[in-house]
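Please treat every number below as a calculation from the coordinates, not as lab data. All figures in this text were calculated on a predicted structure; none of them were measured in a lab. Cβ sites come from the backbone with ideal geometry, for glycine too, and all protein chains shown count toward neighbours.
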Amino acid sequence: MPKERPVRLAYAARMKCSLPAVVLLTPALLAATLRAAPVFIGTDAGAQSASKGIYRSEFDPVTGKLEAPQLAAAYPSPGFLALHPSQPVLLAVGGPRQPIADGSNAVAAFRIAADHSLQFLGEASSGGTGACHLAVDPSGHTVAVANYNDGHIATLRLDESGVPAPPISVVSNHGSGPDHGRQEGPHAHGVYFNKAGTRLYVPDLGLDRVLVYRFDPATSRLGGALPPLMTAAGAGPRHLAFSADESFAYVINELNSTVLSASLDEGILKPLGTVATLPADFSGPNTTAEIEVSPDGRFVYASNRGHDSIAVFRRDLPSGALTLVQHAPCGGKAPRHFKIAPGGKWLLCAHQDSNSLSVLPLDPQSGKLGTPTSTVPCPRPICLVFSR
């Protein structure tokens with residue numbers, strides 16, 4: 001067998017200036033570095049689920065192949081997941097393993113080993129019930145939690161190992177919306193820090209608002225509320241995604257299947273316009289779930305549960321306005337969550353009701369999604385996180 005010829009990733013021959021070193025990789029080593037993409041999967045481990053906790057799969061960003069997930073850590077209903085920004089730690093809402101006196105849910109921390117196995121480190125109260133979303137601030141000292149059932153918004157201090165302590169701030173709100181079945185009270189559904197770590201944005205499905213709070217990273221405390229972004233009555237804001245420069249935000253409304261575009265100026269969100277996530281001729285039941293801006297910022301993706309599709313929008317960079325490009329079948333039922341893979345050429349979709357994960361090819365130039373190329377079984381998946 002002939003020897004593998006080294007691949008020069010950089011060399012001085014084509015450069016006018018000399019380079020201090022030349023990095024060489026064989027084709028086999030180069031391929032190995034491109035193919036290391038472990039994915040952690042949060043699941044709904046309720047009574048109707050076969051899930052036992054957090055799962056892990058291996059994804060090949062070259063071929064788009066996704067391996068069948070394996071259990072990475074046993075934990076009760078570890079729904080939403082988040083990576084610590086500097087520690088090899090994965091955080092999850094769910095549980096708790098041990099009952100908490102006030103009946104609240106928990107935030108749990110797991111150390112990620114070199115082989116991407118998970119070791120449970122500890123847990124603390126989420127500050128409310130129905131914990132459904134979390135985010136770690138840029139400093140890595142705080143985790144914020146949205147508790148859907150009672151609407152509580154909480155912040156917890158993380159120690160140097162990434163383990164949460166009991167809540168420092170717990171904010172409760174009051175009010176309701178016109179949908180009496182879903183908006184009888186506040187239902188915080190997402191939490192998002194800005195890059196500076198000075199603001200926390202909270203879509204509240206029950207109040208038809210995206211709440212905005214000052215945040216002190218030194219103490220992990222939430223400060224006073226800033227003017228909220230108001231959605232249409234009955235819209236039910238669920239999640240949001242920022243443009244890379246944080247000039248714009250895109251709010252996905254669960255109840256009326258729309259995306260609201262907003263400008264962001266000095267921490268304040270101002271509405272710009274709304275687009276539908278569904279085709280005009282669709283008349284069946286539908287709720288939306290997840291939203292993401294493409295790595296290059298030119299497209300926005302939103303998931304439909306009922307129509308079972310990913311709506312693709314082109315984003316006008318100067319104005320932030322959205323124009324529909326495509327409704328792509330997602331490959332399963334109830335796409336609760338999805339994630340664009342590193343490299344931007346694939347989209348992984350978690351189908352809660354069909355107990356499956358699908359991989360859709362993504363054309364970075366057109367933004368369009370292709371037919372799912374890989375579908376594997378997974379019990380009630382509701383969150384996907386690519387490990388570093």
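Before moving on, here are some points about what is shown:
- Assigned charges on the beta-carbon of Lys, Arg, Asp, Glu; the chain dipole about Cα centre (debye): 1160 debye
- Inter-part distance where the stretch 303-321 and the stretch 133-204 are each reduced to a Cα centre, Å: 25 Å
- Label-point separation, THR219 to THR129 (7 Å along Cα→Cβ), nm: 3.0 nm
- LYS65 paired with ASP159, simple spin-label distance in nm, labels 7 Å along Cα-to-beta-carbon: 4.3 nm
- For PHE215, nonlocal amide neighbours, meaning residues 5 or more places apart or on other chains whose placed amide H falls under 5 Å from its own, are ARG199, LEU200, GLY223.
- Value of relative contact order over the stretch 75-230, rounded to a whole percent, pairs C-alpha under 8 Å and six or more apart: 15 percent
- For the stretch 121-209, the list of GluC sites (Glu not before Pro) that fall in a loop by DSSP and count at most 10 other C-beta atoms within 10 angstrom reads GLU160.
- Mean separation of Cα pairs under 8 Å and 6 or more residues apart, divided by the residue count, gives the chain a relative contact order of 11 percent.
- Each principal axis of the stretch 246-388 carries a Cα extent, and these read 43, 38, 26 Å when sorted largest first.
- For the chain, a Gaussian network of Cα nodes joined below 10 Å ranks ALA244, ALA341, ALA280 by mean-square fluctuation, and the top entry is ALA280.
- Modelled label positions at ASP115 and GLN326, each set 7 Å beyond Cα in the direction of Cβ, lie 3.9 nm from each other.
- Each Lys and Arg contributes +1 and each Asp and Glu -1, all at the Cβ; summed about the Cα centre of the stretch 75-230, the dipole is approximately 240 debye.
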